[in-house]
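I have placed the structure first, in the form of structure tokens, so that the comments after it can refer back to it.
None of the figures in this text is laboratory data; all of them are computed from the coordinates on show. Since we're looking at a predicted model, the values are computed, not measured. Quick reminder, even Gly has a Cβ in these numbers, built from the backbone with ideal geometry, and neighbours come from all protein chains shown.
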Amino acid sequence: MADLKVDFCGIESPNPFWLASAPPTNTGAQVERAFAAGWGGAVWKTLGNPIVNVSSRFGGLDYGSQRMMGLNNIELITDRPLEVNLREMAQVKRRYPKHVLVASLMVDTKAEWQEIIKKVEDVGCDALELNFGCPHGMCERGMGSAVGAEPKVLRELTSWVMECANVPVIVKLTPNVGDITEPASAAMEAGTSAISLINTVKSIMGVDLDRMVPLPRVGDASSNGGYCGPAVKPIALHLLGQVARLPNVVPISGIGGIATWRDAAEFMALGSTTVQVCTAVMHYGYRIVEDMIEGLSDFLDDRGMSSAMELVGRAVPNYRNWGDLDMNHHVVAEIDPERCIGCQLCFVSCMDGSHQCIHLPGMSEEEKRRRGHVVFPAEVPDRAALGEGAIAGARVPWVHAEECVGCNLCQLVCPVEGCISMRERRKGEARLSWNERIASGDDLVPGGLDATRAARAGRSEGGGE
Ligand SMILES: Cc1cc2nc3c(=O)[nH]c(=O)nc-3n(C[C@H](O)[C@H](O)[C@H](O)COP(=O)(O)O)c2cc1C
Ligand code: SF4
Ligand code: SF4
């Protein structure tokens, strides 16, 4: 069976699954229950100077029958006294010495950083996580994402910490920046041992239209909060990929919308050594880790990987710039008439949202004109007449393969699993990227390379722009 242990900048974790700094790591009793359930590590709810929270403070976004696809919060850091947190941290570490305990910190001045670091190291925490990501409340006081969004400030604060820290330091980044590589590089220049990302995405959950107050409502008003949960996973994966591609990158702890072993495996493949989870635990409880452990373990076994470390970063070389993708790779949609239920959703979406290349058999000439088909090929088969598909018959649409641009939309909307597949039909045998094409002098003037050269020659003769 694959070994799930991971080495995260010198710290051994029993598995890659950690709890993110948030309500599930608020108290010692909670973290102990989480470790007993199987979590390999926990980042304690951020410690700092005392705060006061408001109520209400969470907002959820439901989508169809899926509750809390996105979660928004305007909660601040811990509202419990530092001494109580420290006492409980020490106890957790005594009872679970092999599990990873990370102290998340957010203070203001250099003296405060030095003082709190000494205290959390004294209780035996394995690493520090610097919360430079909280995008609400604390940033108005010059902390959290106010630091994460300013690479110079982030570099300076990280250097203060590196001067006095005796355990590995993780810088936690905010996604609320234009280019994540800037704060990530600043953290590495300051000598951080690792990076974690993402903290929450700035958001407003909705508006109470009766009261004309944004959500979540705090009396007669609200404030922007931080968004997380399944909805942010694609954003988190992108930012993770950007950081993972940096030269000499430090170990990364990936966060954002992770709920299953598959999510975790994807984050690991894209460069995370450990993953952190918050919303999924707030929704379903600590027990989800059991499925995560079993699922990842089975996956590694199936793929012949003997250790979770072998998965880390496997997909990073395949995350490329658009200009390096193979333009000769081409796919076209194919409908399986045996599976099709004839709902014709693919037809509608291709007609209105893509390239008008799905056709309905048996349409009258008048209907074709009315629907405004750009091309209506003569060869659309009448499946009813052919006797194909017991149920769908004449309702099974037909894809004009020559016109299909391979955008995937029909497959995405089709309600029947496996009914539409995308078949490979290469445009050319060799790989050809946009950058290779430009490098060869062909910049897509109709007519190809010769026409391009002629057009360039004409421009220089005419002395144009
Ligand atoms: C209610 C709530 C409170 C949070 N508090 C903190 C915090 O104190 N410190 C911190 O670094 N991140 C905090 N976070 C952010 C999480 O640690 C995590 O980065 C984010 O929720 C994304 O992960 P998820 O999609 O698994 O929830 C909080 C998130 C939520 C929902
Ligand atoms: S969306 Fe799928 S099931 Fe519906 S008509 Fe198209 S192929 Fe058939
Ligand atoms: S892949 Fe896109 S273009 Fe091709 S049939 Fe489907 S929706 Fe139309």
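Points worth noting:
- Taking a ≥ b ≥ c as the square roots of the eigenvalues of the alpha carbon gyration tensor, segment 1-77 is oblate, as a/c is not under 1.5 and a/b does not beat b/c.
- Degrees separating the helix 110-122 axis from the principal Cα axis of the chain, which is the longest one: 80
- Antiparallel %, DSSP beta bridges [both residues in the chain], to 5: 45
- Per-residue HN-Hα couplings for segment 237-245 [Karplus 6.51, -1.76, 1.60; θ = phi - 60°; Hz; x = Gly/Pro]: 4, 5, 5, 4, x, 4, 6, 4, 7
- Computed packing ranks the peptides 211-224, 91-104 as 91-104, 211-224, most packed first, by mean other Cβ atoms within 10 Å.
- Diffusion of the chain by Stokes-Einstein, at 25 °C in a medium of 0.890 mPa s and with Rh set to the Kirkwood radius over alpha-carbon pairs, works out to 96 µm²/s.
- Local electrostatic count, D326, Cβ distance below 14 Å [Lys/Arg +1, Asp/Glu -1]: +2
- Computed from Cα positions, the angle between helix 288-302 and the longest principal axis of the chain comes to roughly 60 degrees.
- Residues whose amide H lies under 5 Å from that of F8, counting only those 5 or more places away or on a different chain, are S13; hydrogens are built 1.01 Å from N in the peptide plane.
- Relative contact order of the chain, pairs being alpha-carbon contacts under 8 Å that are 6 or more residues apart, as %: 13
- Listed values for segment 150-156 are Karplus-derived 3J(HN,Hα) couplings in whole Hz (6.51 cos²θ - 1.76 cosθ + 1.60, θ = phi - 60°), namely 10, x, 5, 5, 4, 4, 5, and x replaces Gly and Pro.
- Residues in segment 125-134 carry Karplus couplings, in order, of 5, 7, 7, 10, 10, 8, 7, 9, x, 4 Hz; the curve used is 6.51 cos²θ - 1.76 cosθ + 1.60 with θ = phi - 60°, and Gly or Pro positions show x.
- The peptide list 181-190, 413-422, 149-158, put in order of mean Cβ contacts within 10 Å with the highest first, becomes 181-190, 149-158, 413-422.
- Cβ-Cβ FRET estimate between H329 and T260, R0 fixed at 22 Å, reported to 0.05: 0.15
- A simple count of charges around D301, restricted to other residues whose Cβ falls under 14 Å of its Cβ and scoring Lys, Arg +1 and Asp, Glu -1, yields -4.
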